[in-house]
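Q: Right, I'll just put the structure down here and ask away after.
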Amino acid sequence: MITRSAFNSFSIRSLARRFMGILLNWRIKNGNLRRMKAKFAFVFALFLGLQATAAWDLNDVSYLMPLPVRFGDDNLMGINTPGRGGPLLNPAFMGTIPPLTPVMSENDVATSLRVIAVRIDPCFPLPTPQSCQKQIRLVWQPLEPGFHNRVQTVDAALHSFYVLTDADFDSLTKDLMAWKARNKVETKGLPLQVHPAWAVQADKSPTLLEFNHIVRKYAGPVNLTRITAMVVRGAGDMWSFQGFEVRNGQLKLMKIPRVDRSAQAFVNFAVPSDHFERGLISPEATGEDSFNKVIGNSARMKVGNEDLLRKELRAIHRAEDPHSFNPENMDCASCHVAQPARVWLERNRTDLNLESLWNTHAYKNPAYDLSNVSPDQKNTQIIRAFGYFLENPAISQRVINESAEVATALNQILK
């Protein structure tokens, strides 16, 4: 839980009040009202500027890195990049984690893995009710040469979790806000996207190198607690999910919520990939908050089945809502597949009274721009949460909504 006292050094309002008190005393001593007004105007402008800089928005809590300009020559962080107490990710773990892709060797995957995204969280949920952890998390994808040797990603990923103490998290947020102010980065009102700090210069941006230094200060083997994996199989139409707790330097398999298994898979053989064909989540979650019919064979769902599909769309909205589900009570595949399932329904079943369902069940937060800028959302084989599909950004609505919740929590310090 973030408290006001934990962020006293960030209290811009307190700083402004202190300046105004000084000015009032100065006026009493000097009696020059015009000069006092000029001083006050300057301080008030400074206050507003600092307040705007300090406000947390989506891109201040979730950072999408740039793809490198050239393959084999980049400034992104790799698994051997020095972090807190050692490499960011122990290369030995690659022998326990399932191969991320069948077309690359274990060594090639380890060599090509790069940090594609960074997220911070003041309260990542734990299984115990009303308990949480402060964290910094890294998203990794293997890079490979694409068309004309342009850099692209493999459709697989790792997600590493680093737990922070209260003092560490306070220090991290100070470092990030100082970095933002120093580099005059504007994030206010922007949708989640490739971070504006390096959107132009990509991995050659000096701001990226400075940001990497901050990440390395807070993430490493000493506070790594969890790794989750999404691997790709078949012809890029099969994906498997697993999670591992880090205990005494070893990886221990975790159980996936709602299915009580240590692995889960999703398949979709659709060609072209604008629908679902022979789709399946295995094992599948059941009950009110499941949507297994629409992802099975969507051609059969283009007419009729109104009540069933309204129920499934309601479940999808809830899966994308951090108030309804979190990573400790939502299974991996349902979380990843929710967006393409919802987009298919919105494009093909406008008769379902979509606006009413959205108004009643979808996550809303008017303080932020929750629009999704991912370029190919109708592709039912893009189930990436936060990263890239080939060379295009791929961001799920779930991650956008989670980012809004994190930003909201951090902005409580300004009240």
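The values are calculated or read from the model by the stated rules, or taken from the named source; none is laboratory data. These figures come from a predicted structure and were not determined experimentally. So basically every Cβ, Gly included, is an ideal-geometry build from the backbone, and we count neighbours across all protein chains shown.
Q: So A333 ticks every box in (1) within 26 Å of F269 (Cα to Cα); (2) part of a loop (DSSP other than H, G, I, E, B); (3) among the small types (G, A, S) but one. Which box is left unticked?
A: Condition (2) is where A333 drops out.
Q: Which condition from (1) assigned to a loop (DSSP other than H, G, I, E, B); (2) acidic (D, E); (3) modelled with pLDDT of 95 or more; (4) farther than 22 Å from T228 by Cβ is the one that E284 breaks?
A: Of the numbered conditions (1) assigned to a loop (DSSP other than H, G, I, E, B); (2) acidic (D, E); (3) modelled with pLDDT of 95 or more; (4) farther than 22 Å from T228 by Cβ, the odd one out for E284 is (4).
Q: Among R4, R84, which is the only one that is at pLDDT 50 or above and closer than 30 Å to I413 by Cα?
A: R84
Q: Output the strands (runs of 3 or more DSSP E) that fall wholly within the stretch 90-153 and possess 3 or more residues being touching a strand residue (DSSP E or B) at 6+ places or on another chain (Cβ under 9 Å), assigned by TED's automatic domain parsing to the domain that holds S62 and farther than 16 Å from P393 by Cα, or say none. Please lay out each step first, then the result.
A: On the way: elements: 113-125, 132-145, 151-153.
The strands (runs of 3 or more DSSP E) meeting that bar are 113-125, 132-145.
Q: Here's a follow-up. Of the numbered conditions (1) modelled with pLDDT under 95; (2) in the same structural domain as A404 (by TED's automatic domain parsing); (3) buried (at least 19 other Cβ atoms within 10 Å of the Cβ), I12 fails exactly one; give the number of that condition.
A: The number of the failed condition is (2).
Q: Would you confirm whether or not the stretch 137-148 contains a residue that is within 21 Å of the chain's Cα centre (by Cα), crowded, with 21+ Cβ neighbours inside 10 Å and among the basic types (K, R)?
A: no
Q: Output yes when any residue across the stretch 71-78 is surrounded by fewer than 14 Cβ atoms within 10 Å (Cβ to Cβ) and modelled with pLDDT of 95 or more, and no when none is.
A: no
Q: Moving on. If you take the residues in the stretch 199-209 that are part of a helix (DSSP H, G or I) and of a type outside the set (S, T, N, Q), which one is nearest to P393 (Cα to Cα)?
A: Filtering first and then ranking leaves A202.
Q: Could I ask something else about it? For the stretch 59-88, name all the residues that are aromatic (F, W, Y) and either touching an Asp or Glu at 6+ places or on another chain (Cβ under 7 Å) or not in a strand (DSSP E or B) (or both).
A: F71
Q: Take the residues of the stretch 216-257 that are closer than 25 Å to M330 by Cβ and among the hydroxyl-bearing types (S, T, Y): which is surrounded by the fewest Cβ atoms within 10 Å (Cβ to Cβ)?
A: T225
Q: Output the residues belonging to the stretch 128-165 that are in contact with a Leu (Cβ under 6 Å, 6 or more places away or on another chain) and of a type in the set (G, A, S).
A: Matches in the stretch 128-165: A156, S160.
Q: On to the next question. Checking the structure you have, find out if any residue of the stretch 95-108 is touching a residue at least 40 places away in the same chain (Cβ under 8 Å) and within 23 Å of V61 (Cα to Cα).
A: no
Q: Mind counting the residues in the stretch 281-295 that are on the phi < 0 side of the Ramachandran plot and surrounded by fewer than 17 Cβ atoms within 10 Å (Cβ to Cβ)?
A: Of the residues in that region, 4 qualify.
Q: Which condition number in (1) part of a helix (DSSP H, G or I); (2) over 30 Å from W179 (Cα atoms) is the one that L251 fails?
A: It fails just one condition, (1).
Q: In the stretch 136-153, what count of residues is obtained for those that are out of contact with any helix residue (DSSP H, G or I) (no Cβ under 8 Å at 6 or more places or on another chain) and modelled with pLDDT of 95 or more?
A: So the answer is 7.
Q: Something else: I need the full set of residues from the stretch 166-198 which are touching a residue at least 24 places away in the same chain (Cβ under 8 Å) and assigned to a loop (DSSP other than H, G, I, E, B), in order please.
A: N183, T187, K188, G189, L190, P191, L192, Q193, H195, P196, W198
Q: Right, another one. Is one or more of the residues making up the stretch 384-392 without any contact (Cβ under 8 Å) to a residue 40 or more places away in the chain and either in contact with a Pro (Cβ under 6 Å, 6 or more places away or on another chain) or on the phi > 0 side of the Ramachandran plot (or both)?
A: yes
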